[in-house]
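Here's the structure, in structure tokens; my notes come after.
The values are calculated or read from the model by the stated rules, or taken from the named source; none is laboratory data. Since this is a predicted model, take the numbers as computed values, not measurements. Ideal geometry is used to build each Cβ from the backbone, glycine not excepted, and the neighbour counts take in all protein chains shown.
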Amino acid sequence: MYNNRRPSYGGQNRNNQSNGFRKFNGPNSNSQQRNNFRNPRRKRSFGVNLATHLFIKKAEPITKIEEVIVKNSFEDFGFDRALLKNVKDKGYIKPTKIQDEAIPEVMIGRDVLGIANTGTGKTAAFALPIIDQIIKNPNKRFIILAPTRELAQQIKDEIRSFTFDLRVYVTLVIGGSNMQSQIRDLRRDPHIIVGTPGRIKDLGNRRIIDFSRMDVLVLDEVDRMLDMGFINDIRWIVNLIPNNRQTLFFSATMDRKVESLIDTFLYDPAKITIESQKTSDNVEQDVVMVNRHNKGDVLIDILNKEEVKKVLVFGATQRIVDKISNNLIDTGFRADSLHGGKAQNKRQRILKMFKDNHIDVLIATDVAARGLDVADISHVINYDKPNNYEDYIHRIGRTGRANSKGYALTFVENKY
């Protein structure tokens, strides 16, 4: 289906290329232009009001993973033995910090407010005690809200990975997938519903979901849900769930929008904040000066470099993402695009191909900035600058994982 991963391009001589990414400045570049953008005091706006120096940071030398001090082992939580066996079989040795602090509070039925970044183990922090509750009381019902289809799918997959040989049933309710099959799943009365607010509200309006039976509500990546405009859907859903519910509220950031919901949704919550670095020390960040008319050529030059192995490219719109993808495929790269305009089954298939290394370059909108768990991405390239710094942090967080070094490159257009 695809041609050779690394085609020859324009007769270029790779031996004459340096390893520094800033050399990709297009045909009209000069050293003075590069120096302008190396100066953190010189702030310029290129459609998004973010200072260029925010995208430049050297990676720290990787020595060893710092030992995280936790109070509990998984045996200390009082999990059912079959669940504990599944945890161990999955290779979990000890809890992460968020799991160590949140699980005991969830187990005693307390509301939890957890502030922790993606990749800190939040899903297991609420999934494991939820599964344990179902084993001990199969009549309990749970609903989990997530901002994107990909994150909802990932949560469902994570829950199922812990439920081998257990009678715990979970269903996924998201847009872009066949509604009739979701209705059939819901009528089987699953213990856990995982979904996006829009589709869950739609099925609630059709009286397919009985919110009055829900014992526990989980809101994951709340800040992202608010950014995506789900606040009214969330309020509608929450108002239909009994007040004596347990609520688990997780967010990567604590801003005014998030704070405004805490008193409404939570009762005397256990407040847990896991300190994390704004950007990974393992990620080398740099800018690439480009002319607006040669961005595609510069991207191909970068992808042709030997050290660029598996790449996630972010574009601003669905149209741009598809255009980049089609151009790369025509040039001979194993590439595909991911965005909200594609059917969910196709999005899942493309993501699986990327995880399984059937494609090397995935071009995506910010739908892939959170909830995308691919361990071996070598480079993240911001073909278009993000809307804000938080989005930038989540984008580049897709690389430099599992204590490996990653690279984040941001295209900045010059005006010369």
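How many residues are modelled with pLDDT of 95 or more and part of a loop (DSSP other than H, G, I, E, B) when one looks only at region 175-197?
5
So how many residues does region 223-246 have that are among the polar types (S, T, N, Q) and crowded, with 20+ Cβ neighbours inside 10 Å?
So the answer is 1.
What is the one condition in (1) in contact (Cβ under 8 Å) with a residue 12 or more places away in the chain; (2) not in a strand (DSSP E or B) that ILE272 does not satisfy?
(2)
Conditions (1) of a type in the set (Asp, Glu); (2) farther than 18 Å from THR163 by Cα; (3) assigned by TED's automatic domain parsing to the domain that holds ASP268, marked per residue:
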site: ASP100; (1), (2), (3): yes, yes, yes
site: PRO104; (1), (2), (3): no, yes, yes
site: GLY119; (1), (2), (3): no, yes, yes
site: ALA124; (1), (2), (3): no, no, yes
site: GLN133; (1), (2), (3): no, no, yes
site: LYS136; (1), (2), (3): no, no, yes
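Is it the case that ILE262 is in contact with a Lys or Arg (Cβ under 8 Å, 6 or more places away or on another chain), outside the structural domain of GLU390 (by TED's automatic domain parsing) and aliphatic (A, V, I, L, M)?
Values: in contact with a Lys or Arg (Cβ under 8 Å, 6 or more places away or on another chain): no; outside the structural domain of GLU390 (by TED's automatic domain parsing): yes; aliphatic (A, V, I, L, M): yes.
When the stated conditions are applied, ILE262 does not pass them.
Can you tell me how many residues in region 329-382 are in a helix (DSSP H, G or I) and of a type in the set (S, T, N, Q)? Even if it seems obvious, please write down each step before you answer.
Looking only at region 329-382, we keep the residues that are in a helix (DSSP H, G or I), and these are 329-331, 344-355, 366-368.
Filter once more, so that each one left must be of a type in the set (S, T, N, Q): 331, 344-345, 348.
Summing the residues that are in a helix (DSSP H, G or I) and of a type in the set (S, T, N, Q) in region 329-382 gives 4.
Out of curiosity, is ASP157 surrounded by fewer than 17 Cβ atoms within 10 Å (Cβ to Cβ), outside any strand (DSSP E or B) and on the phi > 0 side of the Ramachandran plot?
The answer is no for ASP157.
Exactly one condition in (1) outside any helix (DSSP H, G or I); (2) free of Cβ contacts under 8 Å to residues at least 24 places away in the same chain; (3) under 28 Å from ARG347 (Cα atoms) is false for ASN139; which is it?
(3)
Take LYS305 and tell me if it is closer than 21 Å to ILE359 by Cα and free of Cβ contacts under 8 Å to residues at least 12 places away in the same chain.
no
Does region 123-146 include one or more residues that are among the basic types (Lys, Arg), more than 22 Å from TYR92 (Cβ to Cβ) and modelled with pLDDT under 95?
no
Those residues that are charged (D, E, K, R) and within 10 Å of the chain's Cα centre (by Cα), I need them from region 382-397; list them, please. If you could, list the steps in order and put the result at the bottom.
Step one: filter region 382-397 for residues charged (D, E, K, R), giving 384-385, 390-391, 395.
Residue satisfying the conditions is ARG395 alone.
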